[in-house]
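Notes to accompany the following structure.
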Amino acid sequence: MGLRAADWRSIMNHMVQYSAARLDVSFAALSDATRRGVLEQLGRGEASITALAERFNMTLTGMKKHVSVLEQAGLVVTEKVGRVRTCRLGVGGLEDEAAWIEKYRRRWELRFDGLDEIIEELKQKEDQDGRKE
Amino acid sequence: MAGKNSTVVERRSDRELVVTRTFDGPAHIVFEAWSRPELFQRWWVPKTLGVPLRACEMDVRTGGGYRLEFGLDAANSMAFFGKYIDVTPPSRIVWTNEEAGEVTVTTVTFEPQGDKTRLVLSELYPSKEACDEAITGSAAGLPEQFEQLDVLLVELVA
């Protein structure tokens with residue numbers, strides 16, 4: 001009933017302000033020398049946040065912040081396996097199907113969170129009506 | 001949020017995507033939230049999307065039709081429409097999406113599990129290509145836009 005992934009994309013085409021915002025985020029991400037260094041490093045292969053922190057002589061917290069900025073700009077993707085978060089370069093339009101399915105899943109998840117609220121409302125209303133009778 | 005029910009997606013075949021989620025309410029209530037237009041439009045489009053629902057007509061019964069129109073104004077709007085093939089309260093709704101020229105069939109079932117409901121939603125696309133398109137989109141550059149929107153939505157919803 002509308003808003004499958006393809007539909008979202010069409011709606012997005014109307015939302016040029018997001019493109020501008022996205023560019024801002026990408027440029028901001030690239031404006032920092034450490035973050036450019038991280039991208040260069042990841043270009044040679046994936047690495048954990050711990051390894052990146054060591055490589056750039058930074059605290060883990062500091063590196064996490066940098067990676068988070070890169071991740072929000074879509075330049076880096078991260079994956080947590082056990083206790084290790086591995087980073088690799090984001091590959092834009094060439095992301096694999098698993099990544100796409102995850103986005104599709106997140107869209108349903110957002111929608112279903114809203115549905116949860118309505119179900120809760122309806123349950124409470126039914127309880128109240130039940131008590132009145 | 002602690003204890004939130006998880007949403008699971010599986011590509012069951014070349015043409016079919018299946019989404020599964022449990023809701024903390026009986027099936028007749030979950031069904032109501034899907035079949036009453038004034039409730040449906042409150043959750044189907046997250047407010048944070050920023051694109052208003054301009055029109056929402058839903059005649060939720062077997063053989064009935066629906067039409068949803070999104071957009072900021074008439075010139076920048078998109079319509080989605082189709083028919084309800086099977087509406088069986090409170091256990092099943094099947095509808096078509098016909099705006100793309102081809103027909104996609106979506107089946108939602110509501111299975112009681114104690115005082116909860118397990119919802120299974122299946123989208124059956126007309127071809128492998130249409131299914132791929134739904135998952136991946138075909139235009140370059142747009143994935144990042146999605147990512148951006150996802151981040152935005154997650155931030156706004158959090």
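Only the coordinates and a few stated rules stand behind these numbers; no lab work does. Everything numeric here is computed off the predicted structure, so don't read it as measured data. Reconstructed Cβ throughout: ideal geometry from the backbone, glycine too, with neighbour counts over all protein chains shown.
Counting Cβ atoms of other protein chains within 10 Å of each residue's Cβ and taking the mean over peptide B:62-73 gives 2. Cβ crowding within 10 Å ranks A:Arg44, B:Arg67 as A:Arg44, B:Arg67, fewest other Cβ atoms first.
Which of A:Thr61, B:Thr88 comes first, and how do the rest follow, when ranked by fewest Cβ neighbours within 10 Å?
Details: A:Thr61 9, B:Thr88 12.
Exposure proxy ranking, most exposed first: A:Thr61, B:Thr88.
Residue-wise HN-Hα couplings along region A:57-74, as the Karplus relation 6.51 cos²θ - 1.76 cosθ + 1.60 with θ = phi - 60° gives them from phi, are 6, 10, 6, 4, 4, x, 5, 4, 5, 4, 5, 5, 5, 5, 5, 5, 7, x Hz; Gly and Pro carry x.
Excluding same-chain neighbours fewer than eight residues apart, the lysines reachable from A:Lys103 by a Cα-Cα span under 17 Å are A:Lys80.
In a reduced charge model with +1 at each Lys and Arg Cβ and -1 at each Asp and Glu Cβ, region B:1-131 shows a dipole moment near 340 debye about its Cα centre. Take each residue in B:7-19, count the other chain C-beta atoms within 10 Å of its C-beta, and the mean is 3.
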